[in-house]
Amino acid sequence: MHLPHLLAVARGDEPADLLLTNARLVNVLSGEVYKTGIAIAGGRIAGLGEDRPARRTIDLDKRFVAPGLIDAHVHIESSLVTPPEFARAVVPRGVTTVVTDPHEIGNVLGLPGIRFMLESSEGLPLDVLVNAPSCVPASRLETSGARLEAEDLQTLLDHPRLLGLAEVMDYPGVIGGDPGVLAKLRAFAGRPVDGHCPGLQGRELDAYAAAGIGSDHECVTADEARAKLRAGLTVFLREASGARNLLDLLPAVSALTERRLCLCTDDRLPEDLLEEGSIDHLVRFAIRGGVDPVTAFRMATLNPAEHYGLSDRGAVAPGRRADLIVFSNLSAPRAEMVFRAGELVAEEGVLVAPLPARGAAGLPRSVRIDTSRLEFAIPATAGRVRVIGAVPDQLVTESLVLPATVRDGFAVADPSRDLLKMAVIERHHASGDLGLGFIRGVGLERGAIAGTVAHDHHNLVVVGADDRSMRTAALAVAEAGGGQAVAVGGEVVSLLPLPIAGLMSDRPIEEVARRARELRDAARQLGSRLREPFMALSFFALEVIPALKLTDQGLVDVERMRIVGLFVD
């Protein structure tokens, strides 16, 4: 920024680089919507008002202008594409800044994976700001591809796009004062520290907040959101592909609470990004749910900017960066023009700014499986089993105890009871470790689904109606170097290769969305009732979200954070 020029334009002594006239400004600072002009100089807002000299003028014809949208918390890897393709999807929808946690690739490849995300997001028409992954691995009850301690994370602190510490999922470690967790908190003292504490309440919530953690995005009810607001946390209202929480959280939005609320997508699939949108979808959703449009925009702009100390953006005001979204309908805003630092980067839903060409050269192969030890048989040692209960559109699961279906001395899947077998195969070190269990709620009547996207350890997860289909799906994914597959018997019905860390494709997002849609449709044809079977699959193994999960180490009772037996006497 050239400050003398900016000041001269603000005074009216020099012409603006660009003047947007006949605009209706959504002012998230004052809460007003009013007609004005917007003068831009050197990528910044120089001043407001129509009567200003300018080298170039665009008449907005009474269209609305709001600050560029900010996603308060997102894992880019969950879009199944690299940062440039992610930017191509979200920038035309008005998103100009995202705060990302690369802990997905961090759990697979460690620091080289995180540096890959930083390098591949350099020079994009999207500000990709990064929080360092706090939990690699998420807990001691899983096997990940890497382990990052405080001293490892400190090597990232000098990066100009590194903000703070990402979601601290090990809330038992925080509450209990685990030395390793506290070392990470000390290393990032004075920087933003985001949280992850599903269902936490009472004294445990007090201890978690007392550690200096500033936010949470795991609320599923308005009462839970209010409790966390009372504890001093900023609450991120989430609407992800696999966790659709926003409707249930909107009652927590009020004139008294809205300044401590932000919007975030967390994990969104490519099809949802292309068809529904990103943060813009959440803004429209909130407005439809009765939230005042200015408030909805504030939760997607000013609030996250202030939470992360980004004083240069989040509002349309003198001195702020000219990140702008232009649209015609305040009740259902859809971006028609998007400016980043005063430059037009997208128009009518299409990115017009160039994208740098980036590959994934140098990243190692990340799927290593000892296929000779791939055995899914479960000898029956009792008549009842613990079963994971899938909950539609939520990340939490139920912990059930059900009668086992036993044949020839083995506990087997029983699709007639919606009782499927599940396996988590360690894929980082070819150790042969394998967790086995059962799950209800997926709905497959035959066949199997498998994938290496499995938060947060990203081992190979398989759910199926029979062992042969499970083996076929698992081997297809392994041979592809990572990905997602549907199989029936010995036939691979559908496959999406994800060769970058077993998490991301190197193909355009439209192609990835199409192949992901084919996977979903194939799973549904086999009987699955889940809206997004593969997104759900990716969370059945996440042992830091209640209540029962499966890792390569075995069944995890999340409430007690310990391995429990599959069979119950």
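One compactness figure for the range 42-108 is 1.59, namely its Cα radius of gyration divided by 2.2 N^0.38 Å.
Against the compact-protein benchmark of 2.2 N^0.38 Å, the Cα-based radius of gyration of the chain scales to 0.99. Solvent-accessible surface of the chain, taken per residue with a 1.4 Å probe and all protein chains present: 35 Å². Considering only Ala480, Val461, Leu526, and ranking their Cα positions along the charge dipole of the range 458-537 that arises from unit charges at the beta-carbon of Lys, Arg, Asp and Glu, the one farthest toward the positive end is Leu526.
Suppose R0 equals 45 Å; then what is the FRET efficiency for His429 and Leu247 from their Cβ-Cβ distance, rounded to the nearest 0.05?
It comes out at approximately 0.60.
The P(r) of the range 427-569 has a tail past 27 Å containing 17 percent of all C-alpha pairs. The listed peptides 444-457, 540-553, ordered by packing as a protection proxy, come out as 444-457, 540-553 (highest mean of other Cβ atoms within 10 Å first).
Hydrodynamic estimate: the Kirkwood radius of the range 264-373 over Cα pairs, inserted into Stokes-Einstein at 4 °C and 1.567 mPa s, corresponds to D of 77 µm²/s.
Relative contact order of the chain, taken over Cα pairs closer than 8 Å and 6 or more residues apart, is 15 percent. The alpha carbon centroids of the range 407-427 and the range 358-402 are separated by 11 Å. Restricting attention to the chain, the count of lysine pairs at 8 or more positions apart or across chains with alpha carbons under 29 Å apart stands at 5.
Only protein atoms count toward the accessible area here, which uses a 1.4 Å probe; on the chain, the carbon and sulfur part of that area reaches 48 percent.
Dividing the Cα convex hull volume of the range 134-185 by residue count, how many Å³ per residue is that?
So the per-residue Cα hull volume is 80 Å³.
Only the Cβ atoms of Lys and Arg (+1) and of Asp and Glu (-1) were treated as charged; on that basis the dipole of the chain about its Cα centre amounts to roughly 440 debye. With Rh defined as the Kirkwood radius, the inverse of the mean 1/r over Cα pairs, the Rg/Rh of the range 436-475 is 0.96.
Ranking Gln201, Pro379, His159 by Cα position along the charge dipole of the chain, where only Lys, Arg, Asp and Glu carry charges on their C-beta atoms, puts Gln201 farthest toward the positive end.
Scoring 463-476, 222-235 by mean Cβ neighbours within 10 Å over their residues and listing the highest first yields 463-476, 222-235. Remark on the range 262-327: Rg and Dmax equal 12.7, 37 Å (Cα only). For the Cα trace of the range 25-173, dividing Rg by the Kirkwood Rh returns an Rg/Rh value of 1.10.
Using alpha carbon coordinates only, what is the Rg to Rh ratio of the range 153-308, with Rh defined as the Kirkwood radius?
We get a ratio of 0.98 for the range 153-308.
Separation of the range 297-321 and the range 510-569, taken as the distance between their Cα centroids, equals 37 angstrom. The base-10 log of I(q)/I(0) for the range 369-495, evaluated at q = 0.09, 0.15, 0.16 Å⁻¹, reads -0.23, -0.66, -0.76 [Debye formula, identical scatterers on Cα atoms, solvent excluded].
Distance distribution P(r), the range 94-196, all Cα-Cα pairs, bin width 5 angstrom from 0: 2, 13, 24, 26, 18, 10, 4, 2, 0 percent.
If you wrap the range 309-437 in the convex hull of its Cα atoms and look at it from every side, the mean projected area works out to 16.2 nm².
For the range 430-479 versus the range 249-276, the spacing of their alpha-carbon centroids is 31 Å.
The values are calculated or read from the model by the stated rules, or taken from the named source; none is laboratory data. All of these numbers come straight from a predicted model, not from anything done at the bench. As a convention, Cβ positions derive from the backbone with ideal geometry for all residues, glycine included, and neighbour counts pool all protein chains shown. We work out accessible area using only protein heavy atoms, side chains counted, and drop any ligands, DNA or RNA first. Shrake-Rupley method; radii C 1.70, N 1.55, O 1.52, S 1.80 Å.
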